[in-house]
Amino acid sequence: MSMKTLTSNFVGNLRQSGIFLALIVIVIFFAILNANFLSPGNLTNIVLQYSYILILSMGMLMVIVLGQIDLSVGSLVAVTGAVSGVLVIKQGMPWWVGVVAAILMGVLAGAFHGFWVAFMGIPGFIVTLAGMLLFRGLTYKILDNVSLSPFPNEYYNIANGFFNGLLGGRGVDVFTLLIFAIALVGYIYTKFRDRKRRIEYKQPVPPVGIEIAKIVVLGLAVMWFGYQLSISRGLPVILVILAILVLLYGIVTQKTTFGRSIYAIGGNIDAARLSGINVRKITFLTFVNMGFLAGVAGVAFSARMNGAQPGAGNMFELDAIAACFIGGASTTGGTGRISGALIGGLIMAVLSNGMQLMGADTATQQIVKGLVLVVAVAFDVYNRRRAGLTK
């Protein structure tokens with residue numbers, strides 16, 4: 001195995017481990033400054049309040065890996081929520097009609113972007129910048145500059161409901177702990193299965209001691225988090241939805257031809273074409289997928305706010321983009337993982353929540369987030385130079 005391959009793998013592992021350690025350090029920092037930061041109630045609030053970042057970051061990661069960018073997702077969150085609000089609140093339709101309509105609106109918007117990028121050759125930056133303005137204006141038109149509320153309880157519970165007491169438990173929700181334990185066992189099984197396969201194909205793997213240590217640390221963190229939720233209000237419905245999406249997109253990006261094609265195009269678009277990949281089709285579907293997830297995020301956010309608002313989704317695109325770059329996505333495309341984007345999203349969520357508890361104003365929060373993003377991108381450039389991937 002070449003030294004360049006070994007170095008590249010080391011850099012990738014360093015980046016993934018580094019952002020996880022950074023998340024732990026940030027959590028400890030805020031826990032020291034504010035005793036309420038790690039309280040069960042606040043941890044539950046982090047899940048409820050910032051789920052949209054994690055949902056958007058999965059779709060944004062795929063766009064960035066492709067070598068593109070999407071600046072419109074904040075506006076898409078607003079317009080999809082507006083469509084749902086008009087149908088459910090204003091016209092009295094069933095709550096599920098609003099969910100379907102919002103997601104369909106997101107898919108159509110993604111298809112609109114994908115058409116101009118994939119088939120007309122216009123850069124995604126320009127197309128989605130236009131989309132950001134277009135769909136924000138459409139939101140104002142749909143809502144007539146007026147907020148709509150409230151949604152029915154079924155819709156509201158999408159982002160505010162809990163599974164609690166299904167298996168009993170005195171002060172500790174057994175169902176929540178069981179779900180977290182099952183998820184952890186599944187993760188451990190997957191890790192060791194993948195390790196075995198990599199060894200069979202003579203691919204590099206970390207030392208088994210390091211692998212076990214990482215699993216133990218992650219396992220303790222996951223079960224501790226699950227316990228905190230179990231003694232608060234139980235398992236949030238939105239967390240279940242998020243977990244399903246994470247599992248689905250982990251498979252899509254790593255195990256399917258579509259996912260591998262995205263990485264191939266982002267790595268070298270000319271080589272991807274020569275290998276027979278339909279670049280236009282993959283590009284189009286990637287933007288459609290981003291629109292789908294923006295629709296899901298629009299439902300989650302409008303349910304959380306219990307209403308449709310003209311100003312919803314403001315600056316959400318920057319949170320999603322920052323989550324991806326902090327989580328290890330490369331500015332040149334071809335690199336990044338769903339797990340990294342999720343950790344990056346958690347870092348953004350923890351920073352926002354921690355600074356709010358400290359009473360930091362909006363300006364200070366934006367400055368800190370900007371500095372974190374610059375450091376993350378600088379770290380990426382530094383590592384790529386060490387690996388000999390850039391000049």
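Odds and ends about this structure:
- S339 closer than 23 Å to L239 by Cβ, among the polar types (S, T, N, Q), in contact (Cβ under 8 Å) with a residue 40 or more places away in the chain and touching a strand residue (DSSP E or B) at 6+ places or on another chain (Cβ under 8 Å): no
- In the stretch 202-214, the residues that are part of a helix (DSSP H, G or I) form Cβ pairs under 9 Å with partners that are of a type outside the set (S, T, N, Q), at six or more places apart or across chains, as follows: V208/R195; E211/K191; E211/F192; E211/R195; E211/V205; K214/F20; K214/K191; K214/P206.
- If the condition is being touching a Pro at 6+ places or on another chain (Cβ under 9 Å), open to solvent by less than 50 Å² (accessible area, probe 1.4 Å) and either among the aliphatic types (A, V, I, L, M) or part of a helix (DSSP H, G or I) (or both), then the stretch 217-241 contributes Q228, L229, S230.
- The condition (being of a type outside the set (G, A, S) and open to solvent by less than 20 Å² (accessible area, probe 1.4 Å)) is satisfied by just one residue among I282, I269: I282.
- Looking only at residues in the stretch 163-195 that are at pLDDT 85 or above and more than 30 Å from A22 (Cβ to Cβ), the one that is least open to solvent (accessible area, probe 1.4 Å) is D173.
- Whether a residue is crowded, with 21+ Cβ neighbours inside 10 Å and at pLDDT below 95 was assessed, and S17 does not pass this test.
- Number of positions in the stretch 356-373 that are free of Cβ contacts under 8 Å to residues at least 60 places away in the same chain, assigned to a helix (DSSP H, G or I) and more than 18 Å from S51 (Cα to Cα): 11
- Exactly one residue out of G106, G137, G92, G74 is part of a helix (DSSP H, G or I) and free of Cβ contacts under 8 Å to residues at least 60 places away in the same chain: that is G137.
- Annotation: L346 fulfils all but one of (1) of a type outside the set (S, T, Y); (2) touching a residue at least 40 places away in the same chain (Cβ under 8 Å); (3) in a helix (DSSP H, G or I); (4) open to solvent by less than 50 Å² (accessible area, probe 1.4 Å); the unmet one is (4).
- For the stretch 109-134, a residue qualifies if it is part of a helix (DSSP H, G or I), surrounded by fewer than 19 Cβ atoms within 10 Å (Cβ to Cβ) and among the aliphatic types (A, V, I, L, M), and the qualifying residues are A111, I126, L129, A130, L133, L134.
- Residues (assigned to a loop (DSSP other than H, G, I, E, B) and without any contact (Cβ under 8 Å) to a residue 24 or more places away in the chain) located in the stretch 262-320: S275, G276, I277, N278
- Scan the stretch 199-216 for residues that are open to solvent by 60 Å² or more (accessible area, probe 1.4 Å) and either touching a Phe, Trp or Tyr at 6+ places or on another chain (Cβ under 8 Å) or modelled with pLDDT of 85 or more (or both) and the total you get is 3.
- Residue in the stretch 318-332 that is least open to solvent (accessible area, probe 1.4 Å), counting only those that are over 18 Å from V246 (Cα atoms) and modelled with pLDDT under 85: S330
- Of the numbered criteria (1) part of a helix (DSSP H, G or I); (2) open to solvent by less than 30 Å² (accessible area, probe 1.4 Å); (3) aromatic (F, W, Y), the one F151 fails is (1).
The values are calculated or read from the model by the stated rules, or taken from the named source; none is laboratory data. In this text the structure is predicted, and so the values were computed from the model without any measurement. Here Cβ is always computed from backbone atoms with ideal geometry, including for glycine, and neighbour counts include all displayed protein chains. The protein model used for the area step is the full one, side chains on, heavy atoms only, and it has no ligands, DNA or RNA in it. Shrake-Rupley method; radii C 1.70, N 1.55, O 1.52, S 1.80 Å.
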